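J.: Quick one: this structure, given as structure tokens, is what I'll be asking you about.
The values are calculated or read from the model by the stated rules, or taken from the named source; none is laboratory data. As the structure is a prediction and not an experimental result, all values here were calculated from the model. With ideal geometry, Cβ positions are generated from the backbone for all residues, glycine too; neighbour counts draw on all protein chains shown. Just the protein is used for accessible areas: all its heavy atoms, side chains included, with ligands, DNA and RNA removed. Shrake-Rupley method; radii C 1.70, N 1.55, O 1.52, S 1.80 Å.
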Amino acid sequence: MTLRTGILLFNDVEELDFVGPWEVFTMANEVAGHSGGEKPFEPLMIAQTSDPVRCRKGMRVLPDATTETCGKLDILLVPGGQGTRTEVNNAKLLEWIAGTAAGCVWVTSVCTGALLLVAAGPAKGKRVTTHWGFVEQLRARNEAAEVLEKVRYVDDGNIVTAAGVSAGIDMALWLTGQILTPEFARTVQRMMEYDPAPPYAAAV
């Protein structure tokens, strides 16, 4: 079964928060296709309007669908970025997140996307994580059961939240392993050449 995977976009969204998971999902499709299998994901970029979305670092992205036209989703991913501070007051968007999440198999976030999942309701009373620089602010809202730090991702039921930026790749790989198998996810990881060795911290 192919899972319709909606990635929410909004102005000032952090690029790697959604591009990282997009790479995982689309690479998983390629890996499955090479072995003659069905594509596991149907990724869609979704925004409130069809206008280009201006990301935090200047990238512009054209949505595939709007929140009104995208239809039912199986997976929802809410990225973070400075834009979440504005969107947390966007009642219409929060209502869409809540309604869409109710019908999803998995509901996920990256970085400060956790703020929107908590505010909209799906992650309220759940164990979550977020970017290290936003942990205390999210805790101060007193909406999550616990805001964990120094972890890459946290799952609580069907809610999965990832820490900042590159942690979304880890979360998407873990999710791929849950949906398919860990062995398949490791193949996707290898195809991506994702074997972090940060400069200076892992110098050889």
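J.: If I filter region 163-204 down to residues being touching a Cys at 6+ places or on another chain (Cβ under 9 Å) and farther than 23 Å from Thr2 by Cβ, which single residue comes out as most open to solvent (accessible area, probe 1.4 Å)?
T.: Val165
J.: Write out, first by first residue and then by second, each pair whose Cβ atoms fall under 9 Å of each other, whose residues are 6+ apart or on separate chains, and whose first residue, in region 174-194, is more than 18 Å from Thr108 (Cβ to Cβ) and among the aromatic types (Phe, Trp, Tyr) while the second is assigned to a loop (DSSP other than H, G, I, E, B) and open to solvent by 40 Å² or more (accessible area, probe 1.4 Å).
T.: Taking only residues 6 or more apart or on different chains, not a single pair turns up.
J.: Right, another one. Would you confirm whether or not region 23-43 contains a residue that is modelled with pLDDT of 95 or more, in a helix (DSSP H, G or I), out of contact with any Asp or Glu (no Cβ under 7 Å at 6 or more places or on another chain) and open to solvent by 70 Å² or more (accessible area, probe 1.4 Å)?
T.: Checked against the condition, which is being modelled with pLDDT of 95 or more, in a helix (DSSP H, G or I), out of contact with any Asp or Glu (no Cβ under 7 Å at 6 or more places or on another chain) and open to solvent by 70 Å² or more (accessible area, probe 1.4 Å), region 23-43 yields at least one hit.
J.: Looking at region 44-92, which of its residues are over 27 Å from Trp174 (Cβ atoms) and in contact with a Cys (Cβ under 7 Å, 6 or more places away or on another chain)?
T.: Hits for region 44-92: nothing passes.
J.: Do we have any residue at all in region 39-57 that's out of contact with any strand residue (DSSP E or B) (no Cβ under 7 Å at 6 or more places or on another chain) and more than 18 Å from Leu9 (Cβ to Cβ)? Before the answer, list the steps.
T.: Start the filter on region 39-57 by keeping residues that are out of contact with any strand residue (DSSP E or B) (no Cβ under 7 Å at 6 or more places or on another chain), which leaves 39, 51, 56-57.
Checking which are more than 18 Å from Leu9 (Cβ to Cβ) leaves us with 39.
Taking every residue of region 39-57 in turn, at least one turns out to be out of contact with any strand residue (DSSP E or B) (no Cβ under 7 Å at 6 or more places or on another chain) and more than 18 Å from Leu9 (Cβ to Cβ).
J.: Considering only region 6-16, I want to know if a residue exists there that is surrounded by fewer than 14 Cβ atoms within 10 Å (Cβ to Cβ) and touching a residue at least 24 places away in the same chain (Cβ under 8 Å). Before the answer, list the steps.
T.: Within region 6-16, the first condition is being surrounded by fewer than 14 Cβ atoms within 10 Å (Cβ to Cβ), and the residues that meet it are none.
Looking for residues that are surrounded by fewer than 14 Cβ atoms within 10 Å (Cβ to Cβ) and touching a residue at least 24 places away in the same chain (Cβ under 8 Å), one finds none in region 6-16, hence no.
J.: Can you pull out the residues in region 44-64 that are closer than 21 Å to Trp96 by Cβ and assigned to a loop (DSSP other than H, G, I, E, B)?
T.: Those that are closer than 21 Å to Trp96 by Cβ and assigned to a loop (DSSP other than H, G, I, E, B): Gln48, Thr49, Ser50, Asp51, Pro52, Cys55, Leu62, Pro63, Asp64.
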